[in-house]
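Heads up: the structure comes next, in structure tokens.
Every number here is computed from the coordinates shown, using simple stated rules; none is lab data. Since the model is a prediction, treat every value here as computed from it, not as a measurement. Using ideal geometry, Cβ is built from the backbone for each residue, glycine included, and neighbour counts are taken over all protein chains shown.
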Amino acid sequence: MSIRIVFIGAGRMASAIVRGLLEEEHYAPDEIVCTCGDDPSGPELAEQTGIQFAKDINKVVRKAETIVLACKPQQFSEIDDALAEAAHGKLLLSILAGTPISRLSAKFCNARNIVRTMPNTPGQIGAGVTAFAPQSPLSPKDQEIVENTLSSLGNYHQVEEADLDAVTAISGSGPAYVFEFAAALREAGINCGLDESLSHSLAVDTLLGAAMLLADSEDSPEDLRNAVTSPGGTTAAALKVLSDNDLRGLVDQAVTAAKTRSLELAEE
């Protein structure tokens with residue numbers, strides 16, 4: 001069976017994509033090849049999933065249809081000209097943060113199309129969201145490849161590349177904001193006298209349940225908030241503290257800072 005897709009890098013996100021592609025039967029194991037740097041991630045992924053691992057990646061890239069660039073962003077400059085030449089006529093998907101299409105195309109100038117993506121860490125369990133921007137309009141065949149690949153991580157949205165810095169600030173960095181809020185909620189519970197384990201469980205289950213309700217409901221976040229809030233009640237007292245301390249303004253500042261940094265990284 002021919003090689004169809006090659007992963008340059010075999011870290012957590014690449015592993016999640018590989019497992020999703022196999023689970024959905026978009027590819028057979030022997031149609032997928034991975035490589036890695038000076039670490040055991042590639043051989044381990046191959047052993048766990050049945051895909052192929054290759055040290056001489058240039059040879060397999062020439063045979064492949066699609067390349068997924070999943071190495072660390074700082075390793076991008078180490079990609080040699082032989083690999084770039086081997087990618088002639090291939091579809092290139094990049095999950096490298098802060099690496100614009102202009103930089104990708106300067107290296108892979110002969111790729112048939114380049115797609116820059118911004119996934120997030122919940123993609124590791126198939127619950128993520130990815131935004132993607134192609135260099136040029138995708139052919140129906142390439143559109144299917146991109147959608148099959150990204151759906152293995154969760155939901156996906158096509159955007160303009162100019163929007164990807166804002167996407168990075170919202171969904172790319174967003175899980176960290178949620179984790180920080182979970183930690184704050186856990187600590188507040190402890191300070192109110194709860195056992196740490198109980199407080200942790202309450203925080204996690206509350207965030208999970210609220211997110212599921214929000215996703216399942218046609219109501220806005222504000223409508224759902226109001227449904228929980230009785231005038232003069234406990235929730236109203238808590239929300240007043242958040243409002244008085246400008247929670248929304250603070251979140252806006254945080255997201256703006258993340259977007260600004262994403263723009264800066266693209267220039268470095």
> Considering only segment 123-164, how many residues are of a type in the set (A, V, I, L, M) and under 25 Å from Ala106 (Cβ atoms)?
Replying inline: 9
> Out of (1) at positive phi; (2) of a type outside the set (D, E, K, R); (3) touching a helix residue (DSSP H, G or I) at 6+ places or on another chain (Cβ under 7 Å), the odd one out for Leu202 is which?
Replying inline: (1)
>> What pairs come out if I take residues in segment 172-196 that are of a type in the set (Val, Ile, Thr) and pair them with residues that are surrounded by 14 or more Cβ atoms within 10 Å (Cβ to Cβ) whose C-beta lies under 7 Å away, six or more apart or interchain?
In response: Val178/Leu207; Ile190/Ser199
> Looking at Ser105, Ser94, Ser77, which is the one that is over 23 Å from Val159 (Cβ atoms), of a type in the set (S, T, N, Q) and within 24 Å of the chain's Cα centre (by Cα)?
Replying inline: Ser77
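Which helices (runs of 4 or more DSSP H) does segment 153-268 wholly contain that include 1 or more residues that are surrounded by 12 or more Cβ atoms within 10 Å (Cβ to Cβ) and among the charged types (D, E, K, R)? Talk me through it step by step, then tell me what you get.
Details: elements: 164-167, 174-191, 196-216, 221-228, 234-244, 247-267.
It comes to 164-167, 174-191, 221-228, 247-267.
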> Could you list, in sequence order, the residues of segment 46-76 that are in contact (Cβ under 8 Å) with a residue 60 or more places away in the chain and basic (Lys, Arg)?
Replying inline: Lys63, Lys72
> Restricting the search to segment 12-64, which residues are surrounded by 16 or more Cβ atoms within 10 Å (Cβ to Cβ) and of a type in the set (Asp, Glu)?
Replying inline: Glu31
